[in-house]
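What follows draws every value from the coordinates through simple rules; no lab data is involved. Note that the structure is predicted; figures quoted are calculated from it, not measured. Here Cβ is always computed from backbone atoms with ideal geometry, including for glycine, and neighbour counts include all displayed protein chains.
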Amino acid sequence: MGRSGITVFPLALGGNVFGWTVREDPEAFRILDAFVAAGGNLIDTADSYSRWVPGNQGGESEALIGRWLRSRKDRERLVIATKVGSDLGPGRKGLSRAHILASAEASLKRLGTDYIDLYQSHYDDPSVPVRETLEAYNELIRSGKVRVIGASNFQADRLRESAAISETLGLPRYASLQPRYNLYDRDGFEKDLAPVCRELGLGVIPYYGLASGFLSGKYRSEKDLSLGQRGKGVAGYLNERGYRILRALDEVAGAHQASPASIAISWLVSRTGVTAAIASATGTRQVDELVHGALMKLDPPSLDKLDRASSGTGAGS
């Protein structure tokens, strides 16, 4: 995936917090600098980040990353991934040719770069023929504005359909899938999507690597949901299975002198087929924990303990 000769670090820094829980440039720049200093090179964002914040329009994350890129001047060593297709307002969503081409130009301008390493379909769009979407990506690749394309939140049948059309018509092929997958949310990916990723040779870049922060151990009861701005997304994990996973994380973390977040990321990158785990950070200490997890190798008994604790169906999978 990406340019020839570049090895993707096993952790992708999630850009969803930029313009949301991390709003100021100096704070964001410290996080990005710490990630790169630790060896990281894959930064994932989307044109819709962070439209959900009152007063935001979308594009805030890309613009912030773009300001950082221009100030640091080491673009060639980085892999910048962004997405298109999420709702940006009336008439500005989906995977039509016109919307993809216009959105790519807008993303390039905000990022302050002349190419996107990995351009991803954020959500499937059944209203647009797959051929039209892939032909739009072909235009961007032929013009040098996009290097590789990927899919996010696609189902197995649509991945197969897209691959078949790519092969038949000689159009660009999705090289990666970005699914929701973590120690809690396992069922949807492992049952349906993992087999097709193996079949098609797709890289896997899971998002929600820490289940909205739940797997960091920060949220252990309903009263903890008021901690920070991400607590609302954690409520569905506060159940018997979730607590069982936290207990296993605590045990493994204690044995390895690591944080639960590090252990959760280590488990994720150990999964067969996973290229890199996406996780976001709101401070440099969190960056250190995430990088530590991505690089550490858990022993088989620890992995087995986590597998057994997390067996079953995950919320939202």
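Using the Cβ-Cβ distance between ASP187 and THR21 with R0 set to 30 Å, the FRET efficiency works out to roughly 0.60. Shown here for segment 4-85: trypsin sites (Lys or Arg not before Pro) in loop regions (DSSP other than H, G, I, E, B) with at most 15 other Cβ atoms within 10 Å, namely ARG23, LYS73. For the chain, the 222 nm mean residue ellipticity estimated from helices alone, with every DSSP H stretch of n ≥ 4 adding -39500 (n - 2.57) and the total spread over all residues, rounds to -12500 deg cm²/dmol.
A simple rule links phi to the HN-Hα coupling: the Karplus curve 6.51 cos²θ - 1.76 cosθ + 1.60 with θ = phi - 60°, which for segment 44-49 gives 10, 9, 7, 5, 8, 7 Hz, with x for Gly and Pro.
The label-point distance for ARG142 and ARG247, in a model that sets each label 7 Å from Cα toward Cβ, rounds to 6.0 nm. Counting lysine pairs in the chain that sit 8 or more residues apart in sequence, or on different chains, and whose Cα atoms lie under 17 Å apart gives 8. Full extension of the segment from LYS73 to GLU199, taken as 0.36 nm per residue of separation minus the current Cα-Cα distance, would add 41.5 nm.
Please list, by residue number, everything in segment 112-135 whose backbone N is under 19 Å from a paramagnetic label point 7 Å out along Cα→Cβ of ARG160. From segment 112-135, the list is 124-126, 130-131.
Just checking the listed ones, LEU183, LEU13, LEU78: in the Gaussian network model of the chain with Cα springs under 10 Å, the one fluctuating most is LEU78. The slack in the chain from ASN56 to GLU132, taken as 0.36 nm per residue of separation less the alpha-carbon distance, amounts to 24.3 nm. Labels on offer are [x] 67, 50, 37; [y] 52, 43, 40; [z] 55, 50, 32, and the one holding Cα extents along the principal axes in Å computed from this structure is [y].
Taking the Cα atoms of segment 84-231, the ratio Rg/Rh between the radius of gyration and the Kirkwood radius comes to 1.03.
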